[in-house]
Every structure is written in C-alpha cells, then in structure tokens.
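Here the structure comes first, spelled out in structure tokens, and everything after it is commentary.
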Amino acid sequence: MRDKNKLIQDAMDRAVANKEVAGVSLLVIQDGREAYYAQSGHANIEKDIPMNRDTIVHLYSQSKPITAAAAMLLMQDGIFDLNEPVANFFDSFKDQSCVIDGEIKKLPADKNVRIIDLLNMTSGLVYPGMNTPAERSTTLLFDDAIDRLKKPYEEQLTTLEFAEEIGKLPLQFIPGTQFQYGTSADVLGAVIEKVTGQKFGDFLKERLFDPLEMKDTGFYVPEEKKNRLALAYEVVDGQFQELNGDHLIIRKDGNRNAFESGGAGLFSTLDDYSHFAQMLLNGGTYNGKEILTPATVRFMTESAVMEGPQHAFDNWYGLEGHTYSNLMRILVDPTKALIIGNKGEYGWDGWLGAFFMNDPESRTTLLMMTQMRDYGTGHLTRRLRNIVMS
C-alpha cells in the first residue's frame, strides 16, 4: 500500500536537500476535508524559521485568479461587460499603436483592447523584455516605477497611473489575435479600481478577503506580521542566497506599495488561499455565503481562448494539454498533459513557485508554497501533484 504522506514528505525533503527549494509547504483538501499537509525547509534560513502553514508568501502571478474573480463579481452585477473597450476607462487606450509586420503602426479603430482581452492575455500588453518595441518600452516603464518605490508612498506609481502610462506604449500585436503573457491583469485591476471608485485592495478586501476570512491576504504585509513573511531565494555557487530587487514593481520587503498589481502584487498564506479555492470549487459559496453565482463560476472556470491565441499558448513548455482563460490554465486534454490530472481542472502559479489547482472531478484543491527565483510550476510541484492525483 502506497503511503502518500511519506511519499510527499520524502519528495519535499529531497528537494530541499538538493537545493531545488529553500522551503516548501503543501496543503491538499479533498471533498471539503484536509487530506494532506506537509512542510520542509525554511522560510528564513538565517533566522532558522521553518516553512509553516501560516508563512506569508509573495503570490506573484497566483494573484491573477483572484483578480479574475474580482472581475467576475463586476460582470455578474452588471457593472461592466467583458466586450467593453478599456478605452471606456482610460484615455490612453483610445488611440493606441501596435507592432504590425515589425513596424509600429496605428491600431485599427475596430481592434481596441477589451476587458475579455485582459482576462485572456490577448491584449497585446507585454511584460518587460528586450525583443520587441513593446517589450523595450514596457521595460523602461517598469524600471522607472521600481525606482519610485524608493520614494515616499505618496510619490510612487499608482495602479491607475500604471494603466494610463502603459496604454501609451505600443501593443505587441492586434488585440484578440494572439496570446502573450503580460501586464493585462494589472490593467484589469486598474479598471476595477476605476469603475468601483475604490482602491483595488479595498474592493478585494470588502468583496473577497473579508467574506472568505482571508485575514493574511493583501497588497502589503503589516509590521506585526513581517516575521511570518518568507524570504525569496536563489542558488548562487551552490548555496542559497536571498534574492534582491523588487521584481515587477513588487516590494520584496512587503511594505505598502501604491501600485496594487492585479497580476503579481498579493501576499497570502496556504490557508487563506484555500478559502478562495474552496469557494470556487463549491460553485461560488463559502461557509454558506454566496460570493459568486454558480453560473459565474462555470463561466470563469470552463472557458477557453479562441483558436488563434490557443496556438500561441500551445508553445508554453510544460502546459501541454491546457488552454487559458480568465487568468488561469484549464486542462482540456489530459492525454497530452505532462501530469496526472482530470479534464476541467484549473488554477495558476507564481514566479516564486506558489501553485494553485482545483480539480472539480475529484473535488480536490491542491496548494503549494515556495519562494525560489523563476520557479513557476517546478519539478517538485509536478512530483507532488502526481503523488496526490495518482
């Protein structure tokens, strides 16, 4: 008889010993009950603080499903329509330019970025890079915003300013024609802030975090909780070394940030995020409270990008058999996937290795937290989920 608890612990301990991760924790909930919890390694090596279930981590891109759920709240309440152009909310999106056949040209008037493009990463908005005019101009914007993090809170780039500035930059492609991972979720957070008249973080707290009892989730870490914030690591010359820098305009120290990034800015814990995941798995309900309607959850978790953008997503190494929609991966063909899984499972991960998966068929939520540079969905993530899902 396979002892899954031992297999999980052994896999984690090996990964820490081999310096694949500095610390890791795993929580699995099946049919509403905790099935497995395990931890290994450190949240802070120097201070000998172990990775715990209440360790606070940088979610980075695992923030995106929460931003998508916030958009679903506004969609189901009739506040906005996913076909609306972002130009309805930010003037800089009215007369955009676009890279067409290698040259920067005026974007055709009928090809505006829509809210659905933000949810599906088909907007043409990109992350920093050096390969194209869109990436290079985005790099300059990010570099300036990171420099401004050194200034007082009142002088930092805000969520609304970010959207207004990035709309002035050339798009990578005509919206809706391709898929490219980028700053779409950050702009979506700004749209939510604009239409609600609330700071994005305040809206999330009121409509998601408080009802879901996510007491340790937000865009910064209060001083009294800083001792629970995991450090981010990389391996240099065979040794763990604390990661420096404020990647993607996210403060590594957890201090307040005027830029509330819908794509990468949230901090959270295993248990907090499990409340959000369980709400989705329960069709929008948590502890008897309806957050999203069942129809909205079906829309959020059962959609797919169109055929053209899907071809671009198919090039995402490691996500064979998946599609993308509403800021999440969705498994559509388990026969092509590199993991044991069921059709219809969904979720996402983050730059430092936070990982979230819901599988409606087996009623399973799986969450893993680690804080390693460029980890994303790493080898350990797949090893652990294969143990659980087998």
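Couple of notes before you dig in:
- Cβ separations smaller than 7 Å between residues 6+ apart or across chains give the following pairs from segment 258-285 residues that are within 16 Å of Glu193 (Cβ to Cβ) and assigned by TED's automatic domain parsing to the domain that holds Arg207 to residues that are part of a loop (DSSP other than H, G, I, E, B) and of a type in the set (D, E, K, R): Glu260/Lys199.
- Pair list, Cβ under 9 Å, 6 or more apart: segment 326-337 residue more than 25 Å from Leu82 (Cβ to Cβ) and at pLDDT 95 or above, other residue among the aliphatic types (A, V, I, L, M) and exposed (fewer than 15 other Cβ atoms within 10 Å of the Cβ): Pro334/Ile340
- Segment 343-377, subset over 25 Å from Ala264 (Cα atoms) and either touching a residue at least 24 places away in the same chain (Cβ under 8 Å) or of a type in the set (Ser, Thr, Tyr) (or both), residue surrounded by the fewest Cβ atoms within 10 Å (Cβ to Cβ): Ser362
- Among the residues of segment 149-182, those identified as in contact with a helix residue (DSSP H, G or I) (Cβ under 9 Å, 6 or more places away or on another chain) and either of a type in the set (Phe, Trp, Tyr) or not assigned by TED's automatic domain parsing to the domain that holds Leu125 (or both) are Phe162, Phe173, Phe179, Tyr181.
- Top-ranked residue of segment 168-221 - restricted to ones that are among the hydrophobic types (A, V, I, L, M, F, W, C) and in a loop (DSSP other than H, G, I, E, B), ranked as surrounded by the most Cβ atoms within 10 Å (Cβ to Cβ): Phe219
- The residue that is farthest from His275 (Cα to Cα), among those in segment 2-33 that are in a strand (DSSP E or B) and in contact with a strand residue (DSSP E or B) (Cβ under 7 Å, 6 or more places away or on another chain), is Gly23.
- Hey, Thr296 under 26 Å from Leu74 (Cβ atoms) and either part of a strand (DSSP E or B) or polar (S, T, N, Q) (or both) or not: yes
- In segment 34-59, the residue that is surrounded by the most Cβ atoms within 10 Å (Cβ to Cβ) out of those that are in a loop (DSSP other than H, G, I, E, B) and out of contact with any Ser or Thr (no Cβ under 9 Å at 6 or more places or on another chain) is Ile45.
- Residue match in segment 226-235 (condition: assigned by TED's automatic domain parsing to the domain that holds Val305, aromatic (Phe, Trp, Tyr), within 25 Å of Leu82 (Cα to Cα) and buried (at least 20 other Cβ atoms within 10 Å of the Cβ)): no
- Residue in segment 56-73 that is in contact with a Pro (Cβ under 9 Å, 6 or more places away or on another chain) and in contact (Cβ under 8 Å) with a residue 40 or more places away in the chain present: no
- Gly263 vs. criteria among the small types (Gly, Ala, Ser), under 29 Å from Ala145 (Cβ atoms) and part of a loop (DSSP other than H, G, I, E, B): yes
- Test: residue in segment 111-120 that is surrounded by 16 or more Cβ atoms within 10 Å (Cβ to Cβ), closer than 27 Å to Arg382 by Cα and in contact (Cβ under 8 Å) with a residue 40 or more places away in the chain: yes
- Gln9 being assigned by TED's automatic domain parsing to the domain that holds Thr377, in contact with a helix residue (DSSP H, G or I) (Cβ under 9 Å, 6 or more places away or on another chain) and surrounded by fewer than 21 Cβ atoms within 10 Å (Cβ to Cβ): no
- Applying the criterion of being assigned to a loop (DSSP other than H, G, I, E, B) and of a type in the set (Val, Ile, Thr) to the residues of segment 107-122, the residue that is farthest from the chain's Cα centre (by Cα) is Val113.
- Of residues in segment 127-148 being at pLDDT 95 or above and part of a loop (DSSP other than H, G, I, E, B), the one farthest from Tyr60 (Cα to Cα): Met130
The values are calculated or read from the model by the stated rules, or taken from the named source; none is laboratory data. Because the structure is a prediction, the values reported are computed rather than measured. Glycine also receives a Cβ, built like all others from the backbone with ideal geometry; neighbour counts cover every protein chain displayed.
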